[in-house]
Amino acid sequence: MLKIAVLVSGGGTNLQALIDAQKAGQIVGGEIACVIASKPGVYALERASKAGIPTEVLVRKEYPTMEDYDNALIGTLERYGIDLIVLAGFMTIISDHVIRKYTNRMINIHPSLIPSFCGEGFYGLRVHEAALQKGVKVTGATVHFVNEICDGGPIILQKAVAVEQDDTPETLQRRVMEQAEWKILPQAVSLYCQGKLTVKDDHVLIAK
């Protein structure tokens, strides 16, 4: 059974999707061992506590240097024996040092169809504002491995969501979460825990 750490910064809707999937037996071969928040008091911590999942809080500004923060984060992950890290709306920068240490063991969910509306500055409502401003007819979500390039790691799963003419950034955000993010994130985690994902030449191969 692989141990999963979910890193959060806010309400934890994607964390809840993972918790619900775990309860339903949809995460095969893995379990959420801890939830790490970038600040205290966020609702994601309450979601974890209600589910009986241990929580930790690591606030970047409480550490004098990035190296100190890295050591604290890695130390926490190692203490729980973490095999897979899931970034679920985590808003603190993770250094290249940590990313390299967990190569192809760290995944992220992004609320667009990468390579559209991704990279530095594209997060939260900004992604959906950009999609509506461009007038795209289809958007969606992407689960990908994390590398040193922002939103640039190998793509694991994507799911498309139709854009409606009367959409606002808020309505589009909600629909992308409900129809895409909450479905493909647990699915990708389960595939990883079953050993069905292989990265070759920057492409993710999924075993049948």
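The values are calculated or read from the model by the stated rules, or taken from the named source; none is laboratory data. None of the values given here were measured: they were computed from a predicted structure. In this analysis, Cβ positions are derived from the backbone assuming ideal geometry, glycine residues included, and neighbour counts consider all displayed protein chains. The accessibility values were calculated without ligands, DNA or RNA, using every heavy atom of the protein model including side chains. Shrake-Rupley method; radii C 1.70, N 1.55, O 1.52, S 1.80 Å.
For region 156-204, enumerate the residues that are touching a Phe, Trp or Tyr at 6+ places or on another chain (Cβ under 8 Å) and under 15 Å from Ser112 (Cα atoms).
Filtering region 156-204 down to residues touching a Phe, Trp or Tyr at 6+ places or on another chain (Cβ under 8 Å) leaves 156, 199, 204.
Scanning region 156-204 gives a single hit, Ile156.
Select from region 181-208 the residues that are in a loop (DSSP other than H, G, I, E, B) and in contact with a Ser or Thr (Cβ under 9 Å, 6 or more places away or on another chain) and write down the one among them that is farthest from Ala21 (Cα to Cα).
To start, the set of residues in region 181-208 that are in a loop (DSSP other than H, G, I, E, B) comprises 194-196, 201-202, 207-208.
Next cut, in contact with a Ser or Thr (Cβ under 9 Å, 6 or more places away or on another chain) only: 196, 207.
Working: Lys196: 18, Ala207: 21 Å.
Per the criteria, the residue is Ala207.
Of all residues being within 20 Å of Leu77 (Cα to Cα) and among the small types (Gly, Ala, Ser) in region 15-47, which is surrounded by the fewest Cβ atoms within 10 Å (Cβ to Cβ)? Just the residue, please.
Here the answer is Gly29.
What pairs come out if I take residues in region 63-91 that are on the phi < 0 side of the Ramachandran plot and surrounded by 15 or more Cβ atoms within 10 Å (Cβ to Cβ) and pair them with residues that are assigned to a loop (DSSP other than H, G, I, E, B) and of a type in the set (Lys, Arg) whose C-beta lies under 8 Å away, six or more apart or interchain?
The qualifying pairs are Asp83/Arg105; Leu84/Arg105; Ile85/Arg105.
Counting just the residues of region 92-124 that are aromatic (Phe, Trp, Tyr) and open to solvent by 20 Å² or more (accessible area, probe 1.4 Å), which one comes out farthest from Ala33 (Cα to Cα)? So that I can check it myself, show each step before the final result.
Residues of region 92-124 that are aromatic (Phe, Trp, Tyr), as a first pass: 102, 117, 122-123.
Now restrict to residues that are open to solvent by 20 Å² or more (accessible area, probe 1.4 Å): 117, 122-123.
On the way: Phe117: 32, Phe122: 29, Tyr123: 26 Å.
That would be Phe117.
I'd like to check which helices (runs of 4 or more DSSP H) are fully inside region 17-126 and have at least 2 residues that are within 29 Å of Gln179 (Cβ to Cβ) and out of contact with any Asp or Glu (no Cβ under 8 Å at 6 or more places or on another chain).
Working: elements: 43-50, 66-79, 96-101.
Once the helices (runs of 4 or more DSSP H) in region 17-126 are filtered for at least 2 residues that are within 29 Å of Gln179 (Cβ to Cβ) and out of contact with any Asp or Glu (no Cβ under 8 Å at 6 or more places or on another chain), what remains is 43-50.
Just to check your reading of the model, which residue among Glu164, Glu178 is part of a helix (DSSP H, G or I), modelled with pLDDT of 95 or more and surrounded by fewer than 19 Cβ atoms within 10 Å (Cβ to Cβ)? So that I can check it myself, show each step before the final result.
Details: Glu164 fails: part of a helix (DSSP H, G or I).
Exactly one of Glu164, Glu178 is part of a helix (DSSP H, G or I), modelled with pLDDT of 95 or more and surrounded by fewer than 19 Cβ atoms within 10 Å (Cβ to Cβ), namely Glu178.
Mind checking which residues of region 130-153 are in contact with a His (Cβ under 6 Å, 6 or more places away or on another chain) and open to solvent by 10 Å² or more (accessible area, probe 1.4 Å)?
Restricting attention to region 130-153, the residues satisfying the condition of being in contact with a His (Cβ under 6 Å, 6 or more places away or on another chain) are 142, 151, 153.
If the condition is that a residue be in contact with a His (Cβ under 6 Å, 6 or more places away or on another chain) and open to solvent by 10 Å² or more (accessible area, probe 1.4 Å), then Asp151 is the only one that fits.
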